[in-house]
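Step one of this worksheet: look at the structure below.
The values are calculated or read from the model by the stated rules, or taken from the named source; none is laboratory data. It should be emphasised that the depicted structure is a prediction, and the values quoted were computed from it without experimental measurement. For neighbour counting, all protein chains shown are included, and Cβ atoms are generated from backbone atoms with ideal geometry for every residue, glycine included. Note: areas computed on protein heavy atoms with side chains; ligands, DNA, RNA excluded. Shrake-Rupley method; radii C 1.70, N 1.55, O 1.52, S 1.80 Å.
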Amino acid sequence: MTETEFWQLVTASNPLASSDELAEQLSEKLTPLDDAQLAAFDKHFSLKMRDSYTWRVWGAAFIIAGCNSEYAFAEFRCWLISRGQETFEQALKKPDFLANLDIVQDKEGFANPYLEEYDLIAGQLFEARNEHELPYVPSGQSQPFGKRFKDTRKYLKTSYPNLFEKYWQG
């Protein structure tokens, strides 16, 4: 599976759809793939999760939606990957870029940039067919890459001016 094929499969056609709808769409796209293609897709996904495991990206998630746990940050990175290659790469270069995006809102009207278990879909399909799991691809790091962001108002406003203006509730 090429990088282009991966992005064609993982990119949401309607990024403002619900988490359940996006998961269903990805599942439908992946179901016709054979086992080797599912494994290749899963490896690409794992590598993108690794690439986005940075403090700079986590700082953006913190401003947008108060992301403050490893689990929530994984769901945020799944959401980021679902937005497609261009958005993903721009966000890695300059996370403040995410202020340009529309983000689905929860019932209270707050941004909800999380996709629960989006990263597990290929593995679940594979396991249902084969009764064993795909090979594990480690994140490669025990801590996010880079220097940890500070959760102070001054730091966040300076480091992420557009996101701060659009989302900061603190």
Open item on the list: Just to be sure I understand the model, the point goes 7 Å from the Cα along the line to the Cβ. What's the resulting E165 to D51 distance in nm?
Closed with: 2.9 nm
Open item on the list: Between Q85 and T152, what is 0.36 nm times their sequence separation minus the Cα-Cα distance? Round to one decimal in nm.
Closed with: 21.1 nm
- [ ] Name the most mobile residue of G84, G66, G109, meaning the one with the largest mean-square fluctuation, in a Gaussian network model of the chain with Cα contacts below 10 Å.
- [x] G109
- [ ] State which stretch of the chain is the longest one without any exposed trypsin sites (Lys or Arg not before Pro), exposure meaning a DSSP loop state and at most 11 other Cβ atoms within 10 Å.
- [x] 1-106
Open item on the list: With a 1.4 Å probe and all protein chains left in place, how much of the accessible area of the chain comes from carbon and sulfur atoms, in whole percent?
Closed with: 49 percent
TODO: Report, to the nearest 10°, how far helix 35-51 tilts away from the longest principal axis of the Cα atoms in the chain, using its own Cα long axis and a range of 0 to 90°.
DONE: 20 degrees
Open item on the list: Could you work out how much longer the chain between Y136 and E108 gets when fully extended? Use 0.36 nm per residue separation minus the Cα distance between them, nm to one decimal.
Closed with: 6.4 nm
- [ ] Just report the Cα centroid separation between segment 106-170 and segment 1-47, whole Å.
- [x] 17 Å
TODO: Starting from segment 113-161, pick out the chymotrypsin sites (Phe, Trp or Tyr not before Pro) whose DSSP state is loop and whose Cβ has at most 14 other Cβ atoms within 10 Å.
DONE: Y136
- [ ] Excluding E133 itself, calculate the net charge of residues whose Cβ lies under 14 Å from the Cβ of E133, where each Lys or Arg counts +1 and each Asp or Glu counts -1.
- [x] -3
Open item on the list: Under 5 Å between amide hydrogens, which residues at least 5 positions from T54 or on another chain qualify, with H placed 1.01 Å from N in the peptide plane?
Closed with: F145
TODO: List every residue whose amide H lies under 5 Å from the amide H of F110, counting only residues 5 or more places away in sequence or on a different chain, with H placed 1.01 Å from N in the peptide plane.
DONE: none
Task: Fluctuation leader among S69, S159, S46 - the chain, Gaussian network, Cα springs under 10 angstrom - done: S69
Task: Ellipsoid semi-axes in whole angstrom, largest first, where each is sqrt(5λ) of the Cα gyration tensor of segment 1-91 - done: 23, 15, 12
Open item on the list: Quick check for you: with a 1.4 Å probe and neighbouring chains kept, what is the accessible area per residue of the chain, in Å²?
Closed with: 56 Å²
TODO: Would you kindly work out the equivalent ellipsoid of the chain from its C-alpha gyration tensor and give its semi-axes, the square roots of five times the eigenvalues, largest first in whole Å?
DONE: 29, 17, 13
